[in-house]
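S.K.: This structure is in structure tokens; I'll ask about it shortly.
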Amino acid sequence: MTTPKVLILNQPFNTDTGGGITLSNLFTGWDSRKLAVACSGYLLQDNIDTSICSTYYQLGEKEHKWVFPFNLLKRKYHSGLVTFDEKPIQNLTQPVSKLRVQLITKVFYPFLQYLGLFHAASSLELSKDFCAWLDEFKPDVIYAQCSDRGSIAFCIAVQAYLQKNMVFHMMDDWPTIISSEGLFKHYWKRKIDHEFRALLESCTVFLSISDYMSEEYQQRYGKTFTAFHNPIDADFWKQYQRADYALNTPPTLLYAGRTGLGIQNSLKTIAKTIQALNEELQLSIKFVLQTAEIPDWTAAYSCVQHRKFVPYKELPRVFSEADLLILPYDFSTIATQYIKYSMPTKASEYMISGTPIVLFAPKDTAAVKYAEEYGWAVVVTENKEEDLSKAIKQLILDESARKNLAQNAQKIAAMRHDVNRVSREFKETICSAMEVKEQFQS
């Protein structure tokens, strides 16, 4: 099978975001000379994975246009090819100001959202330099992701310019919540829905992140989506895979991921639950938060222990050393709408680690449906401390339950998420876009 040259839009390969990790694993084994990424400068800051792809075109000030007077506030990025080393990359035409970032994210963007101007304040355009680079690279296929109105129009424009078939991959159901606040929200929701449907009409192959998303999108958009979730390299994860299910002293329940609005409430519920369980069982279970920063509320809970993020290569050891892993969701209405059809990148990584998993999430989500069907986690679907306590207590007190749950998760991970099989199927799917083009031309 000939490997086509692929232009990837709006998502870099990296080691610290779900989309970047998933992309790296899906394109495993690809000829790096046949891959190139074009995306906005703010996505190309650090931890870029150049082992899979080393050609990056930064969409900067020549492509990303802000209307007056907003163009006076936004920082400017260089347009063109960028390179990376071990230091965090900036590629800016003006220095970063932390105060500026805070003002933009906490004041500027919310203000634009409220006025109904956010979706019209900027656009991504095809500059002469970018078009010249496209002509030089000459991709066979376009692989695209997007998450806002600007990237929708940009994907359509690139496809129209290159006249190459496009594969579209959906990671989250962002169209549901993209215009849920501010003046003119109904206008923008209808308009963006119309534009997104136009994007789908310009695509040849459609990918989703879960089977549940594929089912929903078949009904909503009338397109057949194939699910591709984050695959895992079994050899990489097996180097530290847990095999002993006796509890550590003290026992640990680990959460590794982001903190922020929404998820904080679930993390607090977990902390309260562990605190109460320690009193009930006379144990000293530690709730380990492996996060970028330690939340202020953790000071009220003696059970909470904070650890900073570790390099991706250390995750197999970290996950296998915990007694339990927890995968919490936000239970708020708007968050549930956003993540309903998504599958966390960590799910398959948790499964292969050999450590038993607790899934704390709303019932009507792709992750819960998957876990309940295949039994790779203990599932808690009510946002109640007593339900969560019962699930954790069962695993803490029953070694055989921990072992059976973890080993079943390993089997499911090996059967459904092995990188060799999934990346091969992914490659075949990308190549199918070229075959459609060839059939049409013949």
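The values are calculated or read from the model by the stated rules, or taken from the named source; none is laboratory data. Keep in mind that this is a model prediction, so the values were computed, not measured. Note that each Cβ is placed from the backbone with ideal geometry, even for glycine, and that neighbours are counted across all protein chains shown. Only protein heavy atoms, including side chains, enter the accessible area calculation; ligands, DNA and RNA are left aside. Shrake-Rupley method; radii C 1.70, N 1.55, O 1.52, S 1.80 Å.
S.K.: On C-alpha positions alone, give me the angle between the axis of helix 385-397 and the longest principal axis of the chain, in degrees, nearest 10.
M.R.: The two axes meet at around 70 degrees.
S.K.: What angle, in degrees between 0 and 90 and rounded to the nearest 10, separates the Cα long axis of helix 263-281 from the longest principal axis of the Cα atoms of the chain?
M.R.: 10
S.K.: Normalising by the residue count of the chain, find the relative contact order in percent from Cα pairs under 8 Å and 6+ residues apart.
M.R.: On the way: 790 pairs, mean separation 65.7, N = 442.
Once normalised by length, the contact order is 15 percent.
S.K.: Compute the distance from the alpha-carbon center of segment 328-364 to that of segment 152-173, in whole Å.
M.R.: Answer, in whole Å: 28.
S.K.: Now a separate question. What number does the chain give for Rg over Rh if you use C-alpha atoms and the Kirkwood radius? List each step's numbers first, then the result.
M.R.: Values: Rg = 22.6 Å, Rh = 23.3 Å.
Over the Cα atoms of the chain, Rg/Rh equals 0.97.
S.K.: With labels modelled as points extended 7 Å from the Cα through the Cβ direction, what inter-label distance (nm, one decimal) is found for F184 paired with S32?
M.R.: Taking the simple label geometry, F184 and S32 are separated by 4.5 nm.
S.K.: If you don't mind, there's one more thing I want to ask. Taking all protein chains in place and a 1.4 Å probe, what share, in percent, of the accessible surface of segment 277-396 do carbon and sulfur account for?
M.R.: Details: 2390 of 4980 Å².
In segment 277-396, the share of accessible area belonging to carbon and sulfur is 48 percent.
S.K.: Relative contact order (percent) for segment 305-442, with alpha-carbon contacts under 8 angstrom and 6 or more residues of separation?
M.R.: Working: 150 pairs, mean separation 29.3, N = 138.
Here the relative contact order equals 21 percent.
S.K.: Sticking with this one: Looking at the chain only, what percent of DSSP beta bridges run antiparallel? Nearest 5 please.
M.R.: Details: 8 of 48 bridges.
Restricted to the chain, the bridges split so that about 15 percent are antiparallel.
S.K.: Return the ratio Rg/(2.2 N^0.38 Å) for segment 188-314, where Rg is computed over Cα atoms only. Intermediate values should be presented prior to the final figure.
M.R.: Working: Rg = 21.3 Å, N = 127, 2.2 N^0.38 = 13.9 Å.
This ratio for segment 188-314 stands at 1.53.
S.K.: Can you tell me which of S51, S389, S40 moves the most in a GNM of the chain? Springs connect C-alpha atoms under 10 Å apart.
M.R.: It is S51.
S.K.: To the nearest 10 square angstrom, what accessible area does M415 show with a 1.4 Å probe?
M.R.: 110
S.K.: Using Cα springs under 10 Å in a Gaussian network model of the chain, which residue among Q275, Q239, Q145 shows the largest mean-square fluctuation?
M.R.: In the Gaussian network model the winner is Q239.
S.K.: Could you check how many percent of all C-alpha pairs in segment 347-419 are farther apart than 20 Å? Mind showing how you got there, number by number?
M.R.: On the way: 718 of 2628 pairs.
Looking at segment 347-419, the distances longer than 20 Å represent 27 percent of pairs.
S.K.: Which residue, T381, M351, T28, has the largest displacement toward the positive end of the dipole of the chain when charges sit on each Cβ (Lys, Arg +1; Asp, Glu -1)?
M.R.: T28
S.K.: Now a separate question. Under unit Cβ charges (Lys, Arg +1; Asp, Glu -1), what dipole magnitude, rounded to 20 debye, does the chain have relative to its Cα centre? Each step should come with its number before you reach the end.
M.R.: Values: 48 positive and 49 negative charges, 169 e Å.
Roughly 820 debye for the chain.
S.K.: Lys and Arg at +1, Asp and Glu at -1: add these up for the other residues within a Cβ distance under 11 Å of C131 and post the number. Don't skip to the end; give the middle numbers.
M.R.: Numbers: positive: K62, K128; negative: E63, E125, D129, D135, E136.
Overall, the nearby charge balance is -3.
S.K.: Would you mind getting the accessible area per residue of the chain, heavy atoms of the protein chains only, 1.4 Å probe, in Å²? Provide the component values of the computation, followed by the final result.
M.R.: Working: 20660 Å² over 442 residues.
For the chain, the solvent-accessible area averages 47 Å² per residue.
S.K.: Once the Cβ-Cβ distance between T226 and S302 is put in as r, and R0 is 56 Å, what FRET efficiency do you end up with, to the nearest 0.05? Intermediate values should be presented prior to the final figure.
M.R.: Values: r = 47 Å, r/R0 = 0.85.
Efficiency for this residue pair is about 0.75.
S.K.: Write down the Kirkwood hydrodynamic radius of segment 191-258, to one decimal in angstroms, obtained as one divided by the mean of 1/r over all alpha carbon pairs. Write out the running numbers ahead of the final one.
M.R.: On the way: mean 1/r = 0.0621 Å⁻¹.
Mean inverse Cα-Cα distance, inverted, gives 16.1 Å.
S.K.: Which of the listed residues, T252, A414, F118, is farthest toward the dipole's positive end in the chain, when Lys, Arg count +1 and Asp, Glu count -1 at the beta-carbon?
M.R.: Looking along the dipole axis, the top candidate is F118.
S.K.: Now a separate question. Quick one: which of K138/K189; K369/K393; K223/K363; K346/K390; K286/K411 span more than 31 angstrom between C-alpha atoms? Present the calculation step by step, with values, prior to reporting the outcome.
M.R.: Working: K138/K189 35 Å; K369/K393 23 Å; K223/K363 25 Å; K346/K390 24 Å; K286/K411 28 Å.
Pairs exceeding 31 Å: K138/K189.
S.K.: What is the percent carbon and sulfur in the accessible area of segment 130-181, measuring with a 1.4 Å probe over the protein chains and ignoring ligands? Provide the component values of the computation, followed by the final result.
M.R.: Working: 830 of 1740 Å².
The computed percentage sits at 48.
S.K.: What angle, in degrees between 0 and 90 and rounded to the nearest 10, separates the Cα long axis of helix 419-441 from the longest principal axis of the Cα atoms of the chain?
M.R.: Taking the Cα atoms of the chain, the angle to 419-441 is about 20 degrees.
S.K.: Right, here's the next one. Please state the relative contact order of segment 220-306 as a whole percent: Cα pairs under 8 Å, 6+ residues apart?
M.R.: Numbers: 70 pairs, mean separation 26.1, N = 87.
RCO, segment 220-306: 30 percent.
S.K.: For L281 and E136, what does the FRET efficiency come to when R0 = 56 Å and r is the distance between their Cβ atoms, rounded to the nearest 0.05? Mind dumping the intermediate values first?
M.R.: On the way: r = 65 Å, r/R0 = 1.16.
Efficiency for this residue pair is about 0.30.
S.K.: Given I192, N265, C203, which one lies farthest toward the positive end of the charge dipole of the chain, if we put +1 on the Cβ of every Lys and Arg and -1 on the Cβ of every Asp and Glu?
M.R.: Among I192, N265, C203, the one farthest towards the positive end of the dipole of the chain is I192.
S.K.: Please give the length that would be gained between A401 and A243 if that part of the chain were fully extended, namely 0.36 nm times their separation in residues minus their C-alpha to C-alpha distance (nm, one decimal).
M.R.: Here the answer is 55.5 nm.
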